[in-house]
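Participant: Got a structure for you, written out below as structure tokens; questions coming shortly.
Only the coordinates and a few stated rules stand behind these numbers; no lab work does. What you see is a predicted model, and the numbers here were worked out from it, not measured in a lab. Glycine also receives a Cβ, built like all others from the backbone with ideal geometry; neighbour counts cover every protein chain displayed.
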Amino acid sequence: MSYRGRFAPSPTGHLHFGSLVAAVGSWLCARHAGGAWLLRVEDIDPPREMPGSAESILAALPAFGLLADAPPLFQSRRIAAYDAAFEQLRATGHVFPCWCSRNDLAGGLHLDGQCLAAPVEGRAPAWRLRVPDIEIGFVDGLQGPQIQSLRLAAGDFVIRRVEGYYAYQLACVVDDAFQGITQVVRGNDLLDSTPRQIFLQRCLGLPTPGYLHLPLALDGEGRKLSKSERAHPVDPTNPLPALRRALDFLDLPAHPGASDPASLLAHALAHFSPARLPHCSERAAA
Ligand code: GLU
């Protein structure tokens, strides 16, 4: 099967250093394998989104020399596919409606496999996945063997929110399968979501791709660089400095004489192999 990778930003802000690292890392892995690199805009959480963000991110990527092999997939246009997956989960008894409030759960996980609160007339439920007491293991391409007790880590997690929005976990597995993704390369903040995604793939009869989680970029105070904090946007009108820093972050050589992003990336690609990526879970962004 030929390699298909992807970069899947959420449009919650401008492209920032952490997401540039994920974009560059997934692009290098795909190109190294002679495979395709696809884009997906994860715009299914309107309350968290910033107007203009998707356009800004999609315009920034080519400025950094990161050209995709197909037009981007927008999750906001994929609701029918998530409805179908949800119906499949419902028909196979994997989900249950839940009216539990945050107070009912006292900040903890939902572990009962069914809602213990009474249905509230006129109030839509959240829908949770019934999570059995199992361990999910996988071998991460960079972080090595992983094992998670799904129930202790995630409990009966929500796959459709009270407002009707589908959860990232569900949309992500449906679309990784739809786009034929064979290798997911992304930031290490999503390492602990991967067992939830593998379990959902099993429930839905979808293939499990390979996973490789890149070190998470931290700021000077050791905090995650996050778009939602509107932190560290990178400047697509002057792409070379941030691209050099992203390559440096991934321990890749940034050719001093390169005068444009494409030649900087080509030089890094010529020296790239996934085994050379830094084997750590997080590191400070320069
Ligand atoms: N949309 C997620 C984010 O921007 C990434 C999802 C993924 O790569 O699976 O953090």
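Participant: Using 0.36 nm times the number of residues separating Arg223 and Ser149, minus their current alpha carbon distance, what extension gain do you get? All intermediate terms of the calculation are to be shown ahead of the outcome.
Facilitator: Numbers: separation 74, 0.36 × 74 = 26.64 nm, distance 2.61 nm.
Computed gain between Arg223 and Ser149 is 24.0 nm.
Participant: Net charge near Asp248: determine it from the other residues with C-beta under 15 Å of the C-beta of Asp248, scoring Lys and Arg +1 and Asp and Glu -1. Mind showing how you got there, number by number?
Facilitator: Numbers: positive: Arg244, Arg245, Arg276, Arg283; negative: Asp251.
Residues near Asp248 contribute +3 overall.
Participant: Here's something else I'd like to know. Under 10 Å, Cα contacts only: if you run a Gaussian network model on the chain, which one of Ser101, Ser193, Ser76 comes out with the highest mean-square fluctuation?
Facilitator: Maximum among the listed residues: Ser101.
Participant: Fewest first, what order do Asp45, Asp251, Asp219 take by the number of other Cβ atoms within 10 Å? Please list the in-between numbers first.
Facilitator: On the way: Asp45 19, Asp251 13, Asp219 16.
The fewest-first ordering by Cβ neighbours comes to Asp251, Asp219, Asp45.
Participant: Select from Glu163, Glu49, Glu121 the residue whose mean-square fluctuation is largest in a Gaussian network model of the chain (Cα-Cα springs shorter than 10 Å).
Facilitator: Of Glu163, Glu49, Glu121, the Gaussian network model singles out Glu121 as fluctuating most.
Participant: Grab the beta carbon distance between Arg77 and Arg161, set R0 = 25 Å, and tell me the FRET efficiency rounded to 0.05. Write down the numbers at each step before the final one.
Facilitator: Details: r = 19 Å, r/R0 = 0.76.
The value I calculate is 0.85.
Participant: Calculate the dipole size of segment 119-166 relative to its Cα centre from +1 charges on Lys and Arg beta carbons and -1 charges on Asp and Glu beta carbons; express the result in debye to the nearest 20.
Facilitator: Working: 6 positive and 6 negative charges, 40 e Å.
Charge dipole of segment 119-166: 200 debye, to the nearest 20.
Participant: So what is the diffusion coefficient of segment 1-139 in µm² per second by Stokes-Einstein at 25 °C and 0.890 mPa s, using a Kirkwood Rh over Cα pairs? All intermediate terms of the calculation are to be shown ahead of the outcome.
Facilitator: Values: Rh = 18.3 Å.
Here the translational diffusion coefficient equals 134 µm²/s.
Participant: Assign one of three labels to the chain, namely rounded, prolate or oblate, based on the Cα gyration tensor with a ≥ b ≥ c the square roots of its eigenvalues; rounded applies when a/c is under 1.5, prolate when it is not and a/b is larger than b/c, and oblate otherwise.
Facilitator: Prolate.
Participant: Of the residues His110, His255, His14, which exhibits the maximal mean-square fluctuation in a Gaussian network model of the chain defined by a 10 Å Cα contact cut-off?
Facilitator: Its mean-square fluctuation being the largest, the pick is His255.
Participant: How do Ile198, Ile181 rank when sorted from fewest to most other Cβ atoms within 10 Å of their own Cβ? Present the calculation step by step, with values, prior to reporting the outcome.
Facilitator: Details: Ile198 20, Ile181 23.
By the 10 Å Cβ count, ascending: Ile198, Ile181.
Participant: Another one. Over the chain, what is the mean sequence separation of C-alpha contacts under 8 Å (at least six apart), divided by residue count, expressed as relative contact order in percent? Let's see the in-between values first.
Facilitator: Values: 496 pairs, mean separation 68.0, N = 286.
Rounded, it is 24 percent for the chain.
Participant: Using a simple spin-label model with points 7 Å from Cα along the Cα→Cβ vector, what separation in nm is obtained for Ala266 and Asp140?
Facilitator: Computed distance between label sites Ala266 and Asp140 equals 3.4 nm.
Participant: Additional query: Normalised radius of gyration for segment 149-198, please: alpha carbon Rg relative to 2.2 N^0.38 Å, two decimal places.
Facilitator: Its radius of gyration relative to the 2.2 N^0.38 Å reference: 1.22.
Participant: If you don't mind, there's one more thing I want to ask. Roughly what % antiparallel, to the nearest 5, for the DSSP beta bridges in the chain?
Facilitator: Around 50 percent antiparallel, to the nearest 5.
Participant: Taking a quarter of the surface of the convex hull around the Cα atoms of segment 1-71, what do you get in nm²?
Facilitator: Mean orientational projected area (segment 1-71, Cα hull): 4.8 nm².
Participant: Can you work out the PRE-style zone for Ala275? Point 7 Å along Cα to Cβ, and I want the residues of segment 241-256 with backbone N under 20 Å.
Facilitator: From segment 241-256, the list is 250-253.
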